[in-house]
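Q: My structure is below; once you've seen it, I'll send some questions.
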Amino acid sequence: MECAPGLELRKFVAPEFVFGLGASELTAQYAQNLGAKRPMLVTDQGVVDTGWAGMVEASLRAADLDCVVFSNVTANPKDFEVMAAAEIFRDKGCDALVGLGGGSAMDCAKGVGVVQANGGDILDYEGVDTIPRALPPLVCVPTTSGSSADVSQFAIVSDTRRKVKIALVSKMLVPDVSLIDPRLTATMPPDLTANTGLDALTHAIEAYVSNASAPVTDLFALEAVRLVGKHLPQAVADPSDMEARTQMSLASLDAGLAFSNAILGAVHGMAHSLGGLLDLPHGQCNAILLAPVARFNFPSAPLRYRDIALALGCDVRHGADNEVLEALDAALRSLNERVGMGQSLGDLGVTRGDIPRLAEMAMQDPCLLTNPRKPTRADIEAIYESAL
């Protein structure tokens, strides 16, 4: 039986989520509902310094939950960090996980759950649908608005020996619940606000042009594009603006629901390579690569990119394709500049000598499978070159 485009049988995954001011205060309640007695709180030092980790830990202990804290997570979470936390989880007899922080902390928590449930090393589970057994209960509490790790079936971990980020993709990685409290994002400094917000924008754009997109994911993706374009500059300019923070948290949620089901594309594949080899900020790499990749992809999805340009406020409804592309390129670069992310890859220390290795690793990233235009290694090298 043939179906019209978009009506094919599809499966979509999403966790239970609670959205709004005060959602983080439900952490202990949800941990108890999931049967936790001794949860591990996985976080990072920055979140500890803001006081959010202490707040969540205190709420868990007040509910008679014997909380174990692991806060040695760094940006682009490393394989050895996951394995160290997994060893503590096992030795302390933990039975559940609370991931508190940005994508790094939540991905580390997912990794701990994978190792606890399935054994071996976290690097054994690279790829799609490689995780046979369900993780311990996992509650995610994001403190950034961009990674969407709290609602996605992805986990990204740095393989420190090969100097590459690996992707784990499985419905087993979808958290049991996400508690999205925009208050917790108000302590992000402007540069982190910009980095994570542009990560959300990249998630949304790549999900919308993905060859695995669907009407359901399209709704979330375009709304996320609109929200980021409208509210990210204000969130960067005034970190205390709770309306802007709330709308950016909503944008991150929408983008996560989109890309977790439609997957991503060349921007993320190339950014993962940069993060793995050079340990560069993920959102910033995405921001730099977004316009050059859009220029490469445009011939394969001109109508989709027109929709994105419109969502960003470009007056291109009746423009020719070349006018749409130029307007979109200008809008993306202008947004980067407005939020202080106008750097090039060269400004981050990337050299032409790095490009062959970066392209080699990017070509192996699973995100390229859903890019709307299939790139060659030469194409990837040319895009990196244009972003220097």
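Throughout, read-outs are computed from the coordinates displayed, never taken from laboratory work. Treat the numbers as computed from the prediction; the structure is a model and nothing was measured. We place every Cβ from the backbone using ideal geometry, glycine too, and count neighbours over all the protein chains shown.
Q: First check a/c for segment 120-255, with a ≥ b ≥ c the square roots of the eigenvalues of its C-alpha gyration tensor; if it is under 1.5, answer rounded, and if not, answer prolate when a/b is larger than b/c or oblate otherwise.
A: Prolate, because a/c is 1.5 or more and a/b exceeds b/c.
Q: Next question. Below 29 Å Cα-Cα, how many Lys pairs turn up in the chain? Only count pairs eight or more apart in sequence, or on different chains, if you could.
A: The number of close lysine pairs in the chain is 23.
Q: Relative to the first principal axis of the alpha-carbon coordinates of the chain, what is the inclination of helix 302-311, with its axis defined by its Cα atoms, in degrees from 0 to 90 and to the nearest 10?
A: Taking Cα atoms only, the helix is inclined about 60 degrees.
Q: Given H placed 1.01 Å from N in the peptide plane, which residues other than close sequence neighbours of L138 have an amide H under 5 Å from its amide H?
A: L97, D176, V177
Q: Pairs of alpha-carbon atoms within less than 8 angstrom and 6+ residues apart define the contacts here; what relative contact order does the chain have, in percent?
A: 15 percent
Q: Rounded to the nearest 5, what % of the DSSP beta bridges within the chain are antiparallel ones?
A: 20 percent
Q: As a check on your grasp of the helix formula, calculate [θ] at 222 nm for the chain: sum -39500 (n - 2.57) over DSSP H runs of n ≥ 4, divide by the residue count, round to the nearest 500.
A: After summing the helix terms and dividing by the residues of the chain, the value is -16000 deg cm²/dmol.
Q: Same structure again: What angle, in degrees between 0 and 90 and rounded to the nearest 10, separates the Cα long axis of helix 242-262 from the longest principal axis of the Cα atoms of the chain?
A: 80 degrees
Q: In addition: Can you find, among T370, L325, A311, the residue farthest towards the positive end of the dipole of segment 303-388? Put +1 on the C-beta of Lys and Arg, -1 on that of Asp and Glu.
A: Of T370, L325, A311, it is T370.
Q: So if a site counts as exposed when it's one of the GluC sites (Glu not before Pro), its DSSP state isn't H, G, I, E or B, and it has at most 14 other Cβ atoms within 10 Å, what's the longest stretch of the chain without one?
A: 9-388
Q: Can you say what percent of the DSSP beta bridges in segment 28-177, counting only those with both residues inside, are antiparallel? Round to 5.
A: Percent antiparallel among DSSP bridges in segment 28-177 is about 25.
Q: Now, a different point. Expressed as an acute angle from 0 to 90° and rounded to the nearest 10, what is the orientation of the C-alpha long axis of helix 266-278 relative to the principal long axis of the chain?
A: The two axes meet at around 60 degrees.
Q: Using per-residue counts of other Cβ atoms within 10 Å, averaged over each peptide, order 129-139, 100-110, 304-314, 225-235 from highest down.
A: The densest-packed peptide leads the list: 100-110, 225-235, 304-314, 129-139.
Q: Separate question: Can you tell me what percent of all Cα-Cα pairs in segment 303-388 are more than 14 Å apart?
A: More than 14 Å apart: 71 percent of the Cα pairs in segment 303-388.
Q: Regarding segment 22-159, what are the three Cα extents along the principal axes, ordered largest first, in Å?
A: 37, 29, 23
Q: Residue by residue through segment 328-333, what is 3J(HN,Hα) from phi via Karplus (6.51 cos²θ - 1.76 cosθ + 1.60, θ = phi - 60°)? Round to whole Hz and write x for glycine and proline.
A: 5, 4, 5, 5, 5, 5
Q: If you don't mind, another one. Pick out which of A320, A28, A75 has the largest mean-square fluctuation in a Gaussian network model of the chain, springs linking Cα atoms closer than 10 Å.
A: Residue with maximal mean-square fluctuation among A320, A28, A75: A320.
Q: Expressed as a fraction of 2.2 N^0.38 Å, the rule-of-thumb size for a compact globular protein of N residues, what is the C-alpha radius of gyration of segment 190-386?
A: Cα Rg divided by the expected 2.2 N^0.38 Å: 0.95.
Q: Ok, one more. Classify segment 43-99: rounded, prolate or oblate, from the alpha-carbon gyration tensor (a ≥ b ≥ c, eigenvalue square roots; a/c under 1.5 rounded; otherwise prolate if a/b is larger than b/c)?
A: oblate
Q: I would also like to ask the following. Calculate the tail of P(r) for the chain: the fraction of all Cα-Cα distances greater than 33 Å, expressed in %.
A: Value for the chain (Cα pairs over 33 Å): 26 percent.
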